Amino acid sequence: MYRTLYRGADFIAQVLAYLGGAILIAIIAMTVVSIIGRLFVPLQIGIGPIRGIYDFTSMAMAAAVFAFLPICQLRQGHAVVDLFERRMPDSVGRILDLLFNAMMLGAATIGTLRLFAGLQDKMATGETTQIAEMPVWWGYAAGMVGATGFILVAGFCTLRAALMMSERFREAQPHV
Amino acid sequence: MSNFDLALWSFPVLLFLVFLRMPIALAMIVCGVGGTWLVIGTPMMTLNQLKSLTYGTFSNYSFSIIPLFLLMGQFATVSGMSADLFRAAASFLGHRRGGVAMSAVGACAGFGAICGSSLATAATMGRVALPELRQYGYPGSLSTGALAAGGTLGILIPPSVILVIYAILVEQNIEKLFVAAIIPGLLAALGYIVAISIWVRVYPNSAALRDRVPWGERLQALAKVWPVLVIFAAVVGGIYFGVFTPTEAAAVGAAGTGLVAAFGGKLGWSELRESILTTAMSTAMIFLIILGAGIYNNFLGLTQLPQTAAAWVGDQGFSPWFVLWIVLVMYLLFGCVMDSLSMVLLTVPIVFPIMSSLDFGMSPGDFGLWFGILVLIVVEVGLITPPVGMNLFIINSMARDIPIRDTYAGALPFVLTDILRVIVLTLFPAITLSLVWALN
């Protein structure tokens, strides 16, 4: 059961990370094309930079950053200070670990619900980006994908931290 | 409890949570949301802000430079350029006393010009140079110390992720900051090389010499590192001369290093996937900290702490230089235990208004550049000091037979050159600023 859940969380985190990576590479490719296009502007042959590339970059980058959150959560990539780690008894460390994972789950859930509220606002007002005039809610909707994955993976991490309290689980499972 | 007291008490609470090993970003969010709740009596304001704050932070065009630089650093890491740089540096320096360690530092400086992260630089150059250092009989302490210190050149030499963050926080020109970082970065490399040279003279038996390399081969080795020079010139020069925005320059740099790696046959599917996963983790970590610091600083702003603190410091009639030294020493001490990025994000919004209200006899623009470089150096020293020097841990994990105590001891001479450099750059701001002035 736990194995299946782990594979599920790992699958979500990896797929979203690669999706975000593909977005990054798309941003790089479009930026390079746009810069090359800009070089042709003085020739006046109708080739120029991509219109609204900055709007696209911002929106796509937000989607990528949201998509990167789950892998960071799953593989414990958050910045922490390890000053007193070794001086704490293991049992205390595990309780704190569970607590912090649960808090991260809470933060992820509230943050995503508020993002969804923001999405509804932007759909209602029909706000668009300045130059490309893309609806801003597109960016919010794209961000929801990664944010939802973040909740699911944070949920799994909380479960994992809870199971780690049991000695039998620690012995039975390799540390994943 | 007044709002001001709340803000003051939030610092020890934040530190306490962080020392319990709560992720730093989460601790900032908790203190920021909790503090705001206490000040205005309801969580509604924060909840309202959160509708657009997270998306607004993640979609900020200025911040989009960060993932691109991180990916560029990953491509540089797999490209094999680190090995070419090391060979080129070794062909010039290898036959000198301490030459292999000096070459490692020189190669780190070159790698720092295309990589904005200290840990990546230390890890990459460690893999390349550590075997050779051991082969030539360098003591473990000198080997790991030199590589850990050399790694900090990744961030001291532009491009640099921390400088980007600082520039955005205090609304400075990223292009000018990058230029201002060049001379101090080169001085850092020079200082490390001098430290090695002194070391091998104090302990003459500590290293074997490499054979002298003829000039023909030296030039050949040098010719192989041209992509590094081209990419650095395109990125930093392109930003400075206004050819690109910083984000565009980072995209060009990532494309360039990616192509170099791909044409060198080093960027297969597995390397690409690894590069993306590493970039994804670092990006998520950094953006969560940026978000957390934003929420926490909103709370501090609400309590007027930055203004009150600036006014208080102004009223005390301290000499500006005295305040500056205190601030730098505090950064140095905190840097030993805190993550440098978190520290910059947490403190600069409070410290910068205080510092810029003091008169150092220079224009606000110049002050912003100079202070940024000083802060960058002092927070990076924390990477090579105990107890939480990340660069030391990374290098030490590659050489399990060297006790961590030796690595700490080996880093000490390099820390001393860092401190010496901070003192010199503080006393003579013109060293940092002259290149900016010259190019203006």
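The values are calculated or read from the model by the stated rules, or taken from the named source; none is laboratory data. Since the model is a prediction, treat every value here as computed from it, not as a measurement. Positions of Cβ are backbone-derived with ideal geometry, glycine not excepted, and every protein chain shown enters the neighbour counts.
Quick notes on this structure:
- Criterion (more than 9 Å from every other protein chain (Cβ to nearest Cβ), β-branched (Val, Ile, Thr), within 27 Å of B:Ile165 (Cβ to Cβ) and part of a helix (DSSP H, G or I)) met by exactly one of B:Val13, B:Val100, B:Val30, B:Val18: B:Val13
- Complete set of residues in the stretch B:68-91 that are among the polar types (S, T, N, Q) and either surrounded by fewer than 24 Cβ atoms within 10 Å (Cβ to Cβ) or under 20 Å from the mean Cα position of the chain (by Cα) (or both): B:Gln74, B:Thr77, B:Ser82, B:Ser91
- Residue satisfying condition, being surrounded by 15 or more Cβ atoms within 10 Å (Cβ to Cβ) and either modelled with pLDDT under 95 or not in a helix (DSSP H, G or I) (or both), within set A:Val65, A:Val81: A:Val81
- First in the stretch A:114-136 and free of Cβ contacts under 8 Å to residues at least 60 places away in the same chain and away from chain B (no Cβ under 11 Å), second anywhere and of a type in the set (A, V, I, L, M) and part of a loop (DSSP other than H, G, I, E, B), Cβ under 9 Å, 6 or more apart: A:Thr128/A:Met134
This table checks each residue for (1) charged (D, E, K, R); (2) closer than 30 Å to B:Phe352 by Cβ; (3) under 15 Å from the mean Cα position of the chain (by Cα); (4) surrounded by fewer than 24 Cβ atoms within 10 Å (Cβ to Cβ).
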residue	(1), (2), (3), (4)
B:Leu93	no, no, no, yes
B:Arg96	yes, no, no, yes
B:Ala107	no, no, no, no
B:Leu119	no, yes, yes, yes
B:Pro131	no, no, no, yes
B:Gly154	no, yes, yes, no
B:Ala181	no, yes, yes, no
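- The set of residues from the stretch B:205-226 being without any contact (Cβ under 8 Å) to a residue 60 or more places away in the chain and part of a helix (DSSP H, G or I) comprises B:Asn205, B:Trp215, B:Gly216, B:Leu219, B:Gln220, B:Ala223, B:Trp226.
- Test result for A:Thr57, facing chain B (nearest Cβ under 10 Å) and either among the β-branched types (Val, Ile, Thr) or out of contact with any Leu (no Cβ under 9 Å at 6 or more places or on another chain) (or both): yes
- The numbered conditions (1) modelled with pLDDT under 95; (2) facing chain A (nearest Cβ under 9 Å) are all true for B:Gly242 except (2).
Here's the yes/no breakdown for (1) under 17 Å from B:Pro387 (Cα atoms); (2) at pLDDT 95 or above; (3) acidic (Asp, Glu); (4) not in a helix (DSSP H, G or I):
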| site | (1), (2), (3), (4) |
| --- | --- |
| B:Arg400 | no, no, no, yes |
| B:Arg405 | yes, no, no, no |
| B:Ala409 | yes, no, no, no |
| B:Leu416 | yes, yes, no, no |
| B:Ile419 | no, yes, no, no |
| B:Val422 | no, yes, no, no |
| B:Thr426 | no, yes, no, no |
| B:Ala438 | no, no, no, no |
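- The sole residue among A:Ile36, A:Ile71, A:Ile95 that is at the interface with chain B (Cβ under 8 Å from one of its Cβ atoms) and part of a helix (DSSP H, G or I) is A:Ile71.
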